[in-house]
Structure formats: C-alpha cells, structure tokens
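Engineer: My questions will all concern the structure given below.
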Amino acid sequence: MCYDAEAKLTRQIKDAIHEGASDDEVEHMVRKLWELIIEKELERDPDRLRPKVDPDTLDPDKFSVDEMIAELPEYHHVNGHTHPSFIMMTDFKKPRFAVAEWGFVHKSCETIHESYTSFDQPWMNSLNAQSETIFDKPTFAEAALRRRCVVTLDAFYEHYHQKGTTFPFRISHVEGKPLYVASIFNKNQLLDESSGELVRKNTVAFLTCKANDIMSKIHNNPKVLARTGPRMPVILNYDQIEA
C-alpha cells in the first residue's frame, strides 16, 4: 500500500528552511538532490522527471543555491519502486534534515545493484513498514529506536479495485498543507560495482497503520486485505512530530 506519492522538492526545501535548517545544510541537501535526481535518476528514466531546463546544462557549479532549488523537478504520481529521493526531517527540537531514497535497504544489502533489484526479498528493500510490528522485526527494530524521521508529501495515492480494474485516488490535505508521514530510515554503505567505490546514502520507509473508515473503502485490494487488512500511512499532526 502507498506505493505512489506526490511531492514538490522545492516545497520540501522551503519547509526545511522555514523549520530552521542552516544555510550549509540547505546547500548540502540541494546539491545531493541534484546528484541523485538530475544526474542519476534522469538518466535511468528521462520521461519521469521534467526539469525546466535541458539536463545537459545542469552544472551545479554554474548555479546559485536559489537557482538550483528553482530547477528541482516535481514528483507527480511517482512510484516508489523507482526510488525517488525526498527530504526527511531527522530531528525536530534542533531541526535537522537529510536526503533519503524511498525504499528502506537492510544492512545486509551490499551493492547498489542489489538495493535496486531486491524487491523479491522484501526484508531487503521496503517502501513501507507496519507501525505495529517495527519494534519486533529485525529489519526495522534498530531504526525504530534510533532513526525515526518525518517525510512531507503533497499527496499519496491508493488504488480502488473493481472488476479487475484499478482506480487511483489522490489523498491530500483539505487545506493544501503538507502531509507529515511518520517514517524510519537507514544509513547504508553500498558498493558501486561499476566504479569500485563505496557509496553512502540514506534509505527510508513510510510507516503504515490500520486504515480509517474512508481509507478502508478505497484500499480494497483483495490480496492485501487477505494478508494485512486495509492499511494507510501514519499521518501526523504538526504537534505530534517531536514525539
């Protein structure tokens, strides 16, 4: 459940600035996003991301941070299996932020290639984690205790199933505010087999809970219902973020 999301990266950066991210932190995140999204993800799937300028001209050294923020692409109905990168808040009292790819990679994963192709082994790469069991699952227990975070989304999508056809429902805040999704993250060190280099990156999973009445009517995938029942992301009110 919740395999598709919508997020404006410019808004995530502006939210981080509003919450108190330092100038150095903002610049680091923006440059990291350019590295992950513009240079890598765009090459992998050029039709999914549509920057406002020719990607061949996107040389970070030629742009100011403000210009780079303005050129960040937006995710519209992006699928989690393409590993989109988000801004996550990792501390609330002393606001701290970092970039993470959607898809929690287990510490036993050793290579970048494996991290992108291990969906047949859900303990290796998980888009979501059930909030009721995260402290009991070896995959998530350490992160549940030590590496909690919040990711802001503009919307997420659930699919209603009827007579073999699926209909996506876009779920967003009634007032257009961001949705604060409770999440956990991991710090991974993976081997890039093509270059022989060790690459450090963060990976994140969204927490889910039992669906409320409205979401239960939408999230009706028979296979999922048989396995877990209807689910939805754990959406926090702003005053719940610190806890």
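Engineer: Of the conditions (1) of a type outside the set (D, E); (2) assigned to a loop (DSSP other than H, G, I, E, B); (3) at pLDDT below 90, K177 satisfies every one except a single condition; which number is it?
Structural biologist: Just one mismatch for K177, condition (3).
Engineer: May I ask you to list the residues in the stretch 205-228 that are closer than 19 Å to F140 by Cβ, modelled with pLDDT of 85 or more and surrounded by fewer than 16 Cβ atoms within 10 Å (Cβ to Cβ)?
Structural biologist: C209, K210
Engineer: Another question, if that's okay. Tell me which residues, restricted to the stretch 61-91, are within 20 Å of Y116 (Cβ to Cβ) and part of a helix (DSSP H, G or I).
Structural biologist: G80, H81, T82
Engineer: Could you figure out which of (1) closer than 30 Å to G196 by Cβ; (2) modelled with pLDDT under 90 isn't true of Q162?
Structural biologist: (1)
Engineer: Considering the stretch 125-147 alone, what residues qualify as being hydrophobic (A, V, I, L, M, F, W, C), in a helix (DSSP H, G or I) and surrounded by fewer than 14 Cβ atoms within 10 Å (Cβ to Cβ)?
Structural biologist: L145
Engineer: Something else about it: Six or more apart or on different chains, Cβ atoms under 7 Å: show the pairs whose first residue is in the stretch 208-227 and without any contact (Cβ under 8 Å) to a residue 12 or more places away in the chain and whose second is basic (K, R) and surrounded by 15 or more Cβ atoms within 10 Å (Cβ to Cβ).
Structural biologist: Every condition considered, no pair remains.
Engineer: Please go through the stretch 220-243 and give me each residue that is of a type outside the set (K, R) and in contact with a helix residue (DSSP H, G or I) (Cβ under 8 Å, 6 or more places away or on another chain), ordered by number.
Structural biologist: Answer for the stretch 220-243, where residues must be of a type outside the set (K, R) and in contact with a helix residue (DSSP H, G or I) (Cβ under 8 Å, 6 or more places away or on another chain): P230, M232.
Engineer: Which condition number in (1) farther than 20 Å from E19 by Cα; (2) under 22 Å from the mean Cα position of the chain (by Cα); (3) in contact (Cβ under 8 Å) with a residue 60 or more places away in the chain is the one that I184 fails?
Structural biologist: With respect to (1) farther than 20 Å from E19 by Cα; (2) under 22 Å from the mean Cα position of the chain (by Cα); (3) in contact (Cβ under 8 Å) with a residue 60 or more places away in the chain, I184 is out only on (1).
Engineer: If you don't mind, another one. I'd like the residue in the stretch 79-101 that is out of contact with any strand residue (DSSP E or B) (no Cβ under 6 Å at 6 or more places or on another chain) and not acidic (D, E) and, out of all such residues, is farthest from Q189 (Cα to Cα).
Structural biologist: K93
Engineer: Still on this model: Would you pick out the residues in the stretch 180-204 that are part of a strand (DSSP E or B), among the hydroxyl-bearing types (S, T, Y) and at pLDDT below 95?
Structural biologist: Selection gives T203 alone.
Engineer: Does at least one position in the stretch 190-211 carry a residue that is among the charged types (D, E, K, R) and within 19 Å of the chain's Cα centre (by Cα)?
Structural biologist: Within the stretch 190-211 (the criterion being among the charged types (D, E, K, R) and within 19 Å of the chain's Cα centre (by Cα)), the answer is yes, since at least one residue qualifies.
Engineer: From the set of residues in the stretch 183-201 that are among the aliphatic types (A, V, I, L, M) and surrounded by fewer than 20 Cβ atoms within 10 Å (Cβ to Cβ), which is farthest from F104 (Cα to Cα)?
Structural biologist: Among those residues, the one meeting the criterion is L198.
Engineer: Is there any pair linking a residue in the stretch 7-27 that is touching a residue at least 40 places away in the same chain (Cβ under 8 Å) and polar (S, T, N, Q) to one that is in a helix (DSSP H, G or I) and surrounded by 16 or more Cβ atoms within 10 Å (Cβ to Cβ), with Cβ under 8 Å and at least six apart or on different chains, and which?
Structural biologist: Listed pairs, sorted by first residue: T10/I69.
The values are calculated or read from the model by the stated rules, or taken from the named source; none is laboratory data. What you are looking at is a predicted structure, and each value in this text was computed from that prediction instead of being measured. When we count neighbours, we look across all protein chains shown, and the Cβ atoms used for this are built from the backbone with ideal geometry, even at glycine.
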